[in-house]
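Below is one structure, written out as structure tokens, with a few remarks after it.
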Amino acid sequence: VALDKEGRVCLLRQYRHAAGSWLWELPAGKLDPGETPLVTARRELQEEAGRWAARWESLGSVISSPGVFTEVVHLFLARELSDVPAQHEAHEVFEAHWFPFSDALTLAGTGEITDAKTLAGLFRVERFLGRTQC
């Protein structure tokens with residue numbers, strides 16, 4: 001979850017063939033061999049959002065579909081962002097958008113956002129920020 005100094009979060013509008021539609025998603029990607037989850041998160045933020053973060057917080061992990069997959073999704077909050085050149089992979093079709101965090105939570109709550117990792121990430125950040133700002 002990339003959160004800029006204006007309190008905006010990066011959401012990708014990405015076409016997913018398996019879903020047959022465009023979805024709102026957080027920047028994310030698969031671990032390359034030998035990569036740690038944090039290294040992957042840093043790489044994906046640069047590739048997809050064109051940002052580098054000086055500050056990272058772990059938000060834990062979620063299991064995407066434990067009855068079917070062994071996939072574990074590692075969640076992070078990225079802050080203190082700076083611009084870097086985006087490096088999209090050729091097969092990816094998406095647009096990066098920056099929403100006020102409260103608007104992204106509204107999209108999550110109304111069902112406009114349906115991607116599980118994005119829902120988990122947004123709600124974990126909401127909880128994390130509530131604890132750290134108290």
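From the list H97, H74, pick out the single residue that is touching a Leu at 6+ places or on another chain (Cβ under 7 Å), in a strand (DSSP E or B) and either of a type outside the set (V, I, T) or within 17 Å of L129 (Cα to Cα) (or both). Steps first, answer last, please.
On the way: H74 fails: touching a Leu at 6+ places or on another chain (Cβ under 7 Å).
It is H97.
With the condition kept exactly as written, say whether any residue in segment 13-24 is modelled with pLDDT of 95 or more, open to solvent by less than 40 Å² (accessible area, probe 1.4 Å), of a type outside the set (F, W, Y) and in contact with a strand residue (DSSP E or B) (Cβ under 6 Å, 6 or more places away or on another chain).
Yes, some residue in segment 13-24 is modelled with pLDDT of 95 or more, open to solvent by less than 40 Å² (accessible area, probe 1.4 Å), of a type outside the set (F, W, Y) and in contact with a strand residue (DSSP E or B) (Cβ under 6 Å, 6 or more places away or on another chain).
In segment 25-41, what count of residues is obtained for those that are in contact (Cβ under 8 Å) with a residue 24 or more places away in the chain, open to solvent by 10 Å² or more (accessible area, probe 1.4 Å) and outside any loop (DSSP other than H, G, I, E, B)?
Residues meeting the conditions: 3.
Any residue that is open to solvent by 70 Å² or more (accessible area, probe 1.4 Å), closer than 20 Å to L23 by Cβ and at pLDDT 95 or above - is there at least one of those in segment 78-94?
No, every residue in segment 78-94 fails to be open to solvent by 70 Å² or more (accessible area, probe 1.4 Å), closer than 20 Å to L23 by Cβ and at pLDDT 95 or above.
Collect the residues in segment 65-109 that are under 15 Å from the mean Cα position of the chain (by Cα) and among the β-branched types (V, I, T), keeping them in residue-number order.
Result: V72, V73.
When residues of segment 40-77 are filtered for being among the hydroxyl-bearing types (S, T, Y) and modelled with pLDDT of 95 or more, how many remain? Step through it out loud before you land on a result.
Of segment 40-77, the ones among the hydroxyl-bearing types (S, T, Y) are 40, 58, 61, 64-65, 70.
Those still in the list that are modelled with pLDDT of 95 or more too: 40, 58, 61.
So the answer is 3.
The values are calculated or read from the model by the stated rules, or taken from the named source; none is laboratory data. Nothing here was measured: the structure is a model prediction, and the numbers come from that model. Positions of Cβ are backbone-derived with ideal geometry, glycine not excepted, and every protein chain shown enters the neighbour counts. Accessible surface areas use protein heavy atoms only, side chains included; no ligands, DNA or RNA. Shrake-Rupley method; radii C 1.70, N 1.55, O 1.52, S 1.80 Å.
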